[in-house]
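Here the structure is laid out as structure tokens; the discussion comes afterwards.
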Amino acid sequence: MRDFLASHVRTMPKSGIRDFFAIVSQMKDAVSLGIGEPDFVTPFHIRDVAISALERGHTSYTDNRGLIALRREISKYVAANYGAEYDPETEIITTVGVSEALDAVLRAILNPGDKVIYHEPCYVSYCPSIKLCHAEAIAVETKAEDKFAITIDALRKAWQPGVKALLINFPTNPTGGTASRGLLEEIAKFAVEKDMLVISDEIYSELTFDGDHTSIASIPGMRERTVFLHGFSKAYAMTGFRVGYACGPADIIDGILKIHQYGILCAPIVSQEAAIEALRNGRPAMLEMREKYRERRDFIVRRFNELGLKCHSPRGSFYAFPDITSTGMSSMDFAKGLLAAERVAMVPGTAFGKCGEGFCRASFSTSYANIDEACTRIERYLKTLKR
Ligand code: PLP
């Protein structure tokens, strides 16, 4: 029989994270600092709206773009919190998480052979999603000494003819890197100079601990060349609801709509109703969760540094990204060794791009007690390495 798989799919590696955590889930007594999802259950008032939607028999499709009531709430929320105004009728589309929004925007804009610049270490789906569009993915390395913010020099060096878009994610998964307004202004200027579209994944933006988050969409001249991606998974602990959205110029949102209406049709109605509740009344619960993440961040960063694993304090997200080079091991060997010896799971930095070598990702979206226990075990493991 012939090989039915497309060659670019055959050669694409599976996400390193999931394989790793399939092993962890089989282990008794493992402590996981691995998976990037909140340990909190969705706040009850949001679940209650979902339950009541089902009880009232809300089980149909919705408008392909999503419920207009939800798009209106998104429009208000984005204007109030991100300083960019979008028309709910034509400039907003509701998707199945940021995952679908990202895939759809890339498919909507890329011709085969187009190029996209993105920064690494980054979320595992960026490079494969670009490649699935038969486009070229150009990684720009970010460094610990810059707190994993992208630099304009690195961007300039990476740029080449044929680059159509720049994909950014602040706060960043897995590094917790953020971008100041000043840096975003420089990036914006560069995007205008090179006539690039900016795709901005701001899924962790509410989980900014120090100072304010700025969206590049709010910088003068950028609204018309930015697609703003956001969702409910992280800040509102709604990963299982699978709901997100894209805001941008009407013609690009129309392009996304075509892909979405043929491939997905609409985001689940129950999730959309829950999302309305999150935007209307979810802020107090979100702030409470953020405060917990902040306490855990302070704790885990302090402990890693005490253990000799140099770790910057992430300004946002729920990930710490300690430097493990003092052990003399590769990220993969360190993570595998730690898992085998002490049953503590961290993700090797290389799962997020080659330049993640020398680091591991530790998610602090787990209880204080788990983090404490994990650090005790890591300390024990580090002692065995010194012998
Ligand atoms: N973007 C980033 C940076 C992420 O870290 C994740 C999930 O971990 C996603 C997007 C996907 O989020 P969603 O659940 O909205 O599809």
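Worth pointing out:
- Loop trypsin sites (Lys or Arg not before Pro), segment 189-225, which have at most 15 other Cβ atoms in a 10 Å radius of their Cβ (DSSP): none
- The charge dipole of segment 266-367, taken about its Cα centre with unit charges on the Cβ atoms of Lys, Arg (+1), Asp and Glu (-1) only, comes to about 160 debye.
- Think of segment 212-320 as a dipole: +1 on every Lys or Arg Cβ, -1 on every Asp or Glu Cβ, centred on the Cα centre; then among Gln261, Leu229, His213, His213 lies furthest on the positive end.
- The chain, dipole about Cα centre (Lys/Arg Cβ +1, Asp/Glu Cβ -1), debye to the nearest 20: 980
- Ascending count of other beta-carbon atoms within 10 Å, so fewest first, for His312, His134, His119: His134, His312, His119
- 10 Å-binned pair-distance histogram of segment 259-337 (Cα, whole percent): 15, 26, 22, 20, 16, 1
- Once the Cα atoms are used to define both axes, helix 97-109 deviates from the longest principal axis of the chain by about 60 degrees.
- Magnitude of the charge dipole for segment 152-224, about its Cα centre and with charges confined to Cβ atoms of Lys, Arg (+1) and Asp, Glu (-1), is about 320 debye.
- Thr226 long-range amide H proximity, modeled H, under 5 Å: Val198
- Every Cα-Cα pair in segment 123-222 was counted, and those over 23 Å apart are 22% of them.
- Dipole of segment 95-145 computed with +1 at Lys/Arg Cβ and -1 at Asp/Glu Cβ about the Cα centre; of Ser125, Ala108, Val96, farthest Cα towards the positive end is Ala108.
- Across segment 227-386, Cα-Cα pairs more than 21 Å apart make up 57 percent of the total.
- Taking a sphere under 15 Å around the Cβ of Leu106 and counting the other residues whose Cβ falls inside, with K and R at +1 and D and E at -1, yields a net charge of 0.
- Packing-based order for 85-92, 313-320, using average beta carbon neighbours within 10 Å, highest first: 313-320, 85-92
- Principal-axis tilt of helix 368-386 within the chain, Cα atoms, nearest 10 degrees: 50
- The per residue volume of the convex hull around the alpha-carbon atoms of segment 31-84 is 167 Å³.
- Two-decimal log10 I(q)/I(0) for the chain, as the Debye equation yields it once each C-alpha is a single scatterer, q = 0.12 Å⁻¹: -0.95
- Two-decimal log10 I(q)/I(0) for segment 1-65, as the Debye equation yields it once each C-alpha is a single scatterer, q = 0.18, 0.21, 0.26 Å⁻¹: -0.88, -0.90, -1.11
- Calculated [θ] (222 nm, deg cm²/dmol) that DSSP helices of n ≥ 4 give over the chain, each run adding -39,500 (n - 2.57): -13000 deg cm²/dmol
- Angle in degrees between helix 68-82 and the longest Cα principal axis of the chain, rounded to the nearest 10: 60
- The residues packed around Leu132, meaning those with a beta-carbon under 14 Å from its beta-carbon, carry a net charge of 0 if Lys and Arg are +1 and Asp and Glu are -1.
- Over segment 319-376, the alpha carbon radius of gyration divided by the compact-protein estimate 2.2 N^0.38 Å works out to 1.07.
- Think of segment 286-387 as having a plus end and a minus end, set by charges on the Cβ of Lys, Arg, Asp and Glu; of Asn370, Met329, Ala351, Met329 sits farthest toward the positive end of this dipole.
- q = 0.15 Å⁻¹, segment 24-115: log10 I(q)/I(0) [Debye, one scatterer per Cα]: -0.93
No lab work stands behind these numbers, since they all come straight from the coordinates. No experiment lies behind these values; they were computed from the predicted model shown. Backbone-built Cβ (ideal geometry, glycine too); neighbour counts: all protein chains shown.
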